[in-house]
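Data block below; observations after.
Any read-out appearing in this document is the output of simple, stated calculations on the displayed coordinates, not a laboratory observation. Here the structure is a predicted model, which is why all the values come from computation and not from measurement. Counting neighbours? That spans all protein chains shown, and the Cβs are built from the backbone with ideal geometry, glycine included.
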Ligand SMILES: *Cc1c(COP(=O)(O)O)cnc(C)c1O
């Protein structure tokens, strides 16, 4: 079809530079091992931290919900698409997170867009970590609020930003709880102290901390014992929770406001019954099977230590996200390809997702991996790493 030549030209350039990537379809359920291209490989690239994507209790809850309530909801939440299960689940989430209220949206991405675009006007300013997730950046783009980006986890720069912005009505500091590319944890206690000193609000996006950090996976706020001192907690149901969706947990005022002004909430259809039922069952699993989180951290410790012993640079991670930093983009993709040949699926990530010269194979171990699988993966890393001269 004519009219897209200019797009094709750009794609061709990407192919020449070796940065054009094809999607890689799984031919099996998500898990510690998956089938790709007819081959069984160890999965180290998913966000399925606790292996919940096919947890029996959640599948059962989803099937029952489909039988009882159908495949879809037929409306947005604010018109005719709120089911009692949606509200029951939100109350359960609020209890779980120790907040007054919670509101579920279609995705974590939509949640950041909804919150940031709704609550900030040109009288306000948003103060944002430079490495925050794309959905925060895009949410900020939708507001007329002032913007001040502070250097990554740099508390001196954050304090400067707070000093510079004293004339605004509301000042909202926003940060990822766990940064998705390096796996480091935001210094929330220091952020909260600065916020209290300068009378600012704090919003934390716990996409990679939900189900991973804190008691029973309650997130970074609970991890640092900051319950009641962080104004807005965004979470996702799409990563460790194993289903799909995002939510905001905070004061009832915020929930009520977003129901009226959060555009993705207002103008996009509510979650199908299966999604809500499975997500709700996942919260039960977090409460009833804390051993999953223990196993996740046990595997994390083992895998990180062994990678370091082999001589790989795993950066500054403090969480199950373990980057294996290679540097050069083409080498990184060759490393990932070789790992696949040796039975490991670990995707390369390069510019613009991470800085130039910081290309990496990003790994995430899960509670589902056995030690044998992790050892097999380590053997593959050793072999591929030596062949490419990444380690000696
Ligand atoms: C993955 C991610 C999101 C998006 O969550 P989805 O539920 O997948 O839309 C938002 N914020 C951060 C920090 C993330 O890592």
| query | Expressed in whole Å with the largest first, what are the equivalent ellipsoid semi-axes of the stretch 73-271 derived from the C-alpha gyration tensor as the square root of 5 times each eigenvalue? | reply | 26, 19, 14
| note | Between the alpha carbon centres of the stretch 274-290 and the stretch 94-122 the gap in Å comes to 20 Å
| request: May I ask you to derive the relative contact order of the stretch 73-271, considering only C-alpha pairs under 8 Å and at least 6 residues apart, and to give it as an integer percent? | output: 29 percent
| request: Could you tell me what percent of the DSSP beta bridges with both partners in the stretch 73-271 are antiparallel, to the nearest 5? | output: 40 percent
| note | the stretch 173-239 and the stretch 1-54 have their Cα centres apart by a whole-number Å value of 30 Å
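How much of the DSSP bridge set in the chain is antiparallel, in percent, rounded to the nearest 5?
55 percent
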| note | In nm², the average projected area of the convex hull spanned by the Cα atoms of the chain is 21.0 nm²
| Packing-based exposure ordering (other Cβ within 10 Å, fewest first) of 141, 334 | 141, 334
| Full extension from residue 142 to residue 294: what is 0.36 nm times the residue separation minus their Cα-Cα distance, to one decimal in nm? | 50.8 nm
| remark: Proxy exposure order for 126, 354 (fewest C-beta within 10 Å first) is 354, 126
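Please find the FRET efficiency linking residue 318 to residue 166, where r is the Cβ-Cβ separation and R0 is fixed at 22 Å, and quote it to the nearest 0.05.
Step by step, r from the Cβ atoms, then E = 0.10.
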| With a 10 Å Cβ neighbour count serving as the proxy for reagent exposure, in which order, fewest first, do 271, 260 appear? | 260, 271
